[in-house]
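Participant: Pasting in a structure now, in structure tokens, and then I'll have a few things to ask.
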Amino acid sequence: MNAPSRFFTPLARLLHWLMALMVIAMLFIGAGMVASVSQRHEWLLHLHKPLGIAILALVIVRLVVRFSTRQPPLPSDLPLWQVLAAKASHLLLYGLMLVLPLLGWAMISAAGDPVMLSSTVQLPAWVPANAQLFAVLRKAHGYLAYLLFLTVLLHLAAALFHGWVRRDGVLQSMLGKD
Amino acid sequence: MVDHSSPSRRPLGRASLLLRLAAIGVVVGAVAGAFAYVNGTLDPQRLRPKTLVNALETNNGVHPGYRRNHSKGVCVAGYFESGPAARAYSSAQVFHEARTPVIGRFALPSGNPYAPDSSVPIRSLALQFSQANGQQWRTGMNSMPVFPVGTPEAFYQMLKAGAPDPVTGKPNPASMPAFFASHPEAAPFLAWVKTAKPSASYATESYNGINGFYLINANGQRQAVRWGVVPISQDTKEAAAPAGADFLQQDLEQRLLAGPVRWQLLITLANPADPVDDASKVWAGEHTVLNAGTLVLDSSQPQLSGDCRDINFDPLILPSGIEASNDPLLAARSAAYASSYLRRTGEVSQLHNAVQESKP
């Protein structure tokens, strides 16, 4: 009973794959909308805001699940540097999933724009309207989104390395089956 | 820790290892490549917000902290008093509350903040209506009735036609006529320009929203419209532009000392045949026009310190009850304004130097 499972709990797996889809969609939506003057810009923006808030809500649920359930351990023969890289990249992933929606919300607030999730649903501004603050937040939102994308690529590469090269059960722990 | 690595796992052969590593590279590379396409890196021909803003900077020079277009202007403030006419057409609170506070900005349509007021026959008025429910309506209007072109691509070509020649430092005089010759959609705009003169006052101008929008009422019915404001003051624009480069702001400040200046907000309902999504086309013939209320402006502030400075007058910031049409210029304006706004808000600290520089 006390032996840790080889698999993440079904709820943790559901959250992982749902958020994987949402975060990757979000990164593409964000990169696409700021690089377009077409109507794509507008409808992607209308997706970006509610999706961002949904990710913020889910990452909070996920952190609760993460700290209230046991995680499958990493393979004991994993080199120390890979253990450290795994821990650091997960810290970065969680941190950025939490920070990026907050930054997006803050930058709209700082621009003095109404924070609209739809034509009627409005969130309060949580930083004062300030142009210089907007510029800092907006740039941070962009650069950190690129950092998140690179971290996601690294995570993907590492997962496939575990699954296809090391074949050590790490990828299966999130797939939920051997 | 329990080692759950599979005991039956056999070492990979060299070829198999390389193949698997290559497969990982392909997967990661495909995702990265798709991303590089979406963000425009692998699609350099795409018209991007920064392409438009760069073109404005090429034509006008870079003036840190200033808007990249309509750079010279003045902040104003006041309120909108709604009348009953638009209430059946739009559920937006601005048409239902007696009074909605407004922050606005008069400007010249040029990217040069030092352009003489008489250098262009066009003036613009941007407004932000702040509804009590927190939603906002922002609109950027111009004194011309139509836009020269109907698409951002054509607008970009027009900016390129006005770009300074690297040798002479001035636009090639043949470029703009050549542009208009290949863009017959600009005919209504050109016909208007022929009769237009630089006005002596911001207060005597009409300002047109130009792009089409939809009013949505409480039953969800949609009505295509264009809107604009028409001055109520009897003092119409008989006066020719006076000498000097900066008469518009002084004129406005003097008028405001004597009392508020007023406009009627007129909303033109589209007829079935009207081109809603093409800002270069006139809506000809008889139209129903709603007098939605009165815009009252009662104070002004210099633009470098005024409340309008940090507002991005994005025409797609709309309250519930007003929706954008499919006019491609609206999305392009929204996208390009965001790019300009990011550039200039990052340069606010340089505005102080700019003020010093502009003073002889």
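FYI, it's all coordinate maths here, none of it is from the lab. A quick note: this is a predicted structure, and the numbers were derived from the prediction, not measured. Using ideal geometry, Cβ is built from the backbone for each residue, glycine included, and neighbour counts are taken over all protein chains shown.
Participant: Suppose every K and R has +1 on its Cβ and every D and E has -1 on its Cβ; what is the size of the dipole of chain B about the Cα centre, in Debye to the nearest 20?
Facilitator: That gives a dipole near 1140 debye.
Participant: With no solvent and one point on each alpha carbon, what is the Debye value of log10 I(q)/I(0) for the range B:114-180 at q = 0.24, 0.25 Å⁻¹?
Facilitator: -1.16, -1.18
Participant: If eta is 1.002 mPa s and T is 20 °C, what Stokes-Einstein diffusion coefficient results for the range B:47-358, Kirkwood Rh from Cα pairs, in µm²/s?
Facilitator: So the translational diffusion coefficient is about 107 µm²/s.
Participant: Then there is this: Of the cross-linked pairs B:Lys72/B:Lys281; B:Lys50/B:Lys72; A:Lys139/B:Lys160; B:Lys72/B:Lys197; A:Lys49/B:Lys281, which ones have a Cα-Cα span greater than 23 Å in the structure shown?
Facilitator: The pairs that break the limit, which is 23 Å between Cα atoms, are B:Lys72/B:Lys281; A:Lys139/B:Lys160; A:Lys49/B:Lys281.
Participant: Extending each Cα 7 Å along its Cβ direction at A:Trp43 and A:Ala159, get the distance between those two points in nm, one decimal.
Facilitator: Going by the 7 Å Cα→Cβ label model, 2.8 nm.
Participant: Who wins for biggest fluctuation among B:Leu19, B:Leu266, B:Leu215 in a Gaussian network model of chain B, springs between alpha carbons below 10 Å?
Facilitator: Maximum among the listed residues: B:Leu19.
Participant: Further question on the same structure: Estimate the FRET efficiency between B:Val26 and B:Lys170 by the formula 1/(1 + (r/R0)^6), using the beta-carbon distance for r and 51 Å for R0, to the nearest 0.05.
Facilitator: Plugging the Cβ-Cβ distance into 1/(1 + (r/R0)^6) gives 0.45.
Participant: Name the residues of the range A:6-25 whose amide N is less than 16 Å from a point 7 angstrom out from the Cα of A:Ser68 along the C-beta direction?
Facilitator: A:9-16
Participant: Looking only at B:Pro148, B:Pro166, B:Pro116, which one moves most when chain B is put into a Gaussian network model with springs between Cα atoms under 10 Å?
Facilitator: Comparing B:Pro148, B:Pro166, B:Pro116 in a Gaussian network model of chain B, the most mobile one is B:Pro166.
Participant: How high is the relative contact order of chain B, in percent, with contacts defined as C-alpha pairs under 8 Å that are six or more residues apart?
Facilitator: That works out to 23 percent.
Participant: Something else: For a label point 7 angstrom out from the Cα of A:Ser118 toward its Cβ, which stretches of the range A:9-51 have the backbone nitrogen within less than 16 Å?
Facilitator: Inside the label zone: A:46-51.
Participant: Antiparallel versus total DSSP beta bridges in the range B:150-273: what percent is that, nearest 5?
Facilitator: Restricted to the range B:150-273, the bridges split so that about 100 percent are antiparallel.
Participant: Could I ask something else about it? Per the Cauchy relation, a quarter of the hull surface: what is the mean projected area of the convex hull of the alpha carbons in the protein assembly as shown, in nm²?
Facilitator: 31.9
Participant: Right, next: From the helices alone, meaning DSSP H stretches of at least four residues, give me the mean residue ellipticity at 222 nm for the protein assembly as shown, per-run term -39500 (n - 2.57), in deg cm²/dmol to the nearest 500.
Facilitator: -14000 deg cm²/dmol
Participant: Among all helices in chain B defined by DSSP H, which have a length of 27 Å or more along the axis from Cα atoms plus a Kyte-Doolittle mean of at least 1.6?
Facilitator: B:14-38
Participant: Which values of log₁₀ I(q)/I(0), to two decimal places, follow from the Debye formula for the range A:33-146 at q = 0.13, 0.23 Å⁻¹ with a uniform point scatterer at every Cα?
Facilitator: Log-scaled intensity ratios, in q order: -0.64, -1.35.
Participant: For the range B:1-115, count all C-alpha to C-alpha pairs, find those more than 19 Å apart, and express that count as a whole percent of the total.
Facilitator: The share of Cα pairs beyond 19 Å in the range B:1-115 comes to 75 percent.
Participant: Strictly greater than 19 Å: what percent of every Cα pair in the range B:68-122 meets that?
Facilitator: Across the range B:68-122, Cα pairs with separations above 19 Å total 50 percent.
Participant: Still on this model: On a C-alpha basis, how far is the centre of the range A:120-178 from the centre of the range B:9-87 in Å? Whole number, if you could?
Facilitator: 18
Participant: Let me ask something else about it. Roughly how many whole Å is it from the C-alpha centroid of the range A:42-101 to that of the range B:271-292?
Facilitator: 51
Participant: Only Cα pairs within less than 10 Å get springs; with that Gaussian network setup on chain B, which residue of B:Gln221, B:Gln264, B:Gln131 has the largest fluctuation?
Facilitator: It is B:Gln221.
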